[in-house]
Amino acid sequence: MGDFDKAMIHLIRESRKFNESSLIELWDKSDDQVLAFQRGDLFFFFNFNPWKSFIGYGFMVTQGSYEYLLNTDDPAYGGNGFNDDKMIHYTNYDASLAKENKGWLKLYLPTRSA
């Protein structure tokens with residue numbers, strides 16, 4: 001846990017104006033126990049569910065590509081390593097969201113991970 005805390009603090013310090021940027025809620029689904037938010041150019045995804053992992057869980061975000069910067073499921077932090085942290089995730093186009101330049105980012109969310 002200490003190594004994850006150090007990595008998280010380092011990431012925040014490296015992010016420009018992190019403390020000055022607004023917190024934007026992207027998703028809050030209490031039934032699933034999934035929460036997502038954006039702060040600056042960083043996105044945070046949490047699965048607090050103690051029993052259920054989710055495959056292809058969709059989040060509406062700006063069209064583009066996304067990569068993992070920090071993952072609690074990484075074996076280096078005591079996780080199981082179910083996610084491939086080197087994989088780049090691309091949004092899925094949705095014509096109904098195109099005017100807003102949004103698409104669906106679909107992620108695997110292992111149980112109790114962020």
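Average 1/r across all pairs of distinct alpha carbons in the chain, invert it, and you get the Kirkwood radius: 15.0 Å. Charge tally around K52: other residues with Cβ under 14 Å, Lys/Arg +1 each, Asp/Glu -1 each, net 0. Ellipsoid fit via the Cα gyration tensor, the range 16-69: semi-axes of 22, 13, 10 Å, each the root of five times an eigenvalue, largest first.
In the chain, what is the count of Lys pairs whose alpha carbons are under 28 Å apart, counting only pairs at least 8 residues apart or on separate chains? Within the chain, the lysine pair count is 17. Normalising by the residue count of the range 1-92, find the relative contact order in percent from Cα pairs under 8 Å and 6+ residues apart. Averaging sequence separation for qualifying contacts and normalising by length gives 21 percent for the range 1-92.
Only protein heavy atoms count here; on that basis, with a 1.4 Å probe, F43 has an accessible area of about 50 Å².
The values are calculated or read from the model by the stated rules, or taken from the named source; none is laboratory data. As the structure is a prediction and not an experimental result, all values here were calculated from the model. As a convention, Cβ positions derive from the backbone with ideal geometry for all residues, glycine included, and neighbour counts pool all protein chains shown. Accessible surface is based on the protein model in full, side chains and every heavy atom, while ligands, DNA and RNA are left aside. Shrake-Rupley method; radii C 1.70, N 1.55, O 1.52, S 1.80 Å.
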